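The values are calculated or read from the model by the stated rules, or taken from the named source; none is laboratory data. Because the structure is predicted, anything quoted here is derived from the model rather than measured. A quick note on method: Cβ atoms are made from the backbone with ideal geometry, for glycine too, and the neighbour counts reach across all protein chains shown. When the accessible area is computed, the model is the full protein with side chains, heavy atoms only, and any ligands, DNA or RNA have been set aside. Shrake-Rupley method; radii C 1.70, N 1.55, O 1.52, S 1.80 Å.
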Amino acid sequence: MKDTNASMNQEATPIRTVLAFIGVGSNIGNRLLFCQKAVAAFRANPVIKVRQISSLYETEPVDYLNQGSFYNAVIGIETSFSPERLLQYCQHIEQEMGKKIEIPKGPRTLDLDLLFYGERIMTCPELTLPHPEAVHRLFVLIPLAEIAPHWIHPQRACSIETLLQHFEPDRFKDVEKRFELGWETSEAQGMAS
């Protein structure tokens, strides 16, 4: 005889979700549209709930400087995807938007970086968590501080807000708020220049 209580308990077990933060960036073509489409792709996935979206910032390139400025934002999502599966989904979105990297750190239609996956710390060939460059990048920390200032970096054991205090004030001039909250809607498209 089938144990109905056991099967009912299995069905009622909630799926564990994790809060993750993803960096969104674009510096080729219609940067706003590519960033909007990325947010729409996350919203369209039933395994992902978009919880927070920062303003959209215009930032100067780093590392490879001979390229146009970027639009950057950070989104907070809740998901039951594993970190590896979430990375695969980010890469799928990038490919759908025509991402091709001809120069390392060079221009791209869309760049999605998995910055944090809960408090997970991991290193494997495909993925390092937290993102190793996040603490050095104002184009990550400024939008992240806007939506999660008290988020604790699991390796540094301090908040995003505290990490920002370690930068010299003149470094902030390279990160300019371009669009307020709501940029991810299609209505914001008319605001782009």
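Looking at segment 6-102, which GluC sites (Glu not before Pro) are DSSP coil and have at most 14 other C-beta atoms within 10 Å of their C-beta?
Filter output for segment 6-102: E102.
How much FRET efficiency would the formula 1/(1 + (r/R0)^6) give for S80 and R43, where r is the Cβ-Cβ distance and R0 is 25 Å, rounded to 0.05?
Calculated value: 0.95.
Could you tell me which of rounded, prolate or oblate describes segment 25-157, using a ≥ b ≥ c as the square roots of the eigenvalues of the alpha-carbon gyration tensor, with rounded for a/c under 1.5 and, failing that, prolate when a/b is larger than b/c and oblate otherwise?
rounded
Could you pull out every one of the lysines with an alpha carbon less than 21 Å from that of K49, ignoring same-chain neighbours closer than 8 positions?
Straight-distance partners of K49: K37.
Under 13 Å Cα-Cα from K105, which aspartates and glutamates qualify once same-chain neighbours fewer than 8 residues away are excluded?
E60, D63, D113, E133
Please give the FRET efficiency for Q155 paired with D63, using the beta carbon to beta carbon distance and R0 = 22 Å, rounded to the nearest 0.05.
So, using R0 = 22 Å, E works out to roughly 0.50.
For segment 59-74, what does the Karplus curve 6.51 cos²θ - 1.76 cosθ + 1.60, with θ = phi - 60°, yield as ³J(HN,Hα) per residue in whole Hz, taken in order and with x for Gly and Pro?
The phi angles translate into 9, 6, x, 10, 6, 8, 8, 7, 7, x, 5, 9, 9, 9, 8, 10 Hz.
How big is the charge dipole of the chain about its Cα centre, in debye rounded to the nearest 20, if each Lys and Arg gets +1 on its Cβ and each Asp and Glu gets -1 on its Cβ?
The dipole of the chain has a size of about 300 debye.
Quick check: the angle from helix 138-147's long axis to the longest principal axis of the chain, C-alpha only, nearest 10 degrees?
50
With the other protein chains left in place, how much accessible area per residue, in square angstrom, belongs to the chain at a 1.4 angstrom probe?
Per residue, the chain has an accessible area of 55 Å².
Which whole-angstrom value gives the distance between the alpha carbon centres of segment 106-169 and segment 31-47?
Computed from Cα coordinates, the inter-centre distance equals 20 Å.
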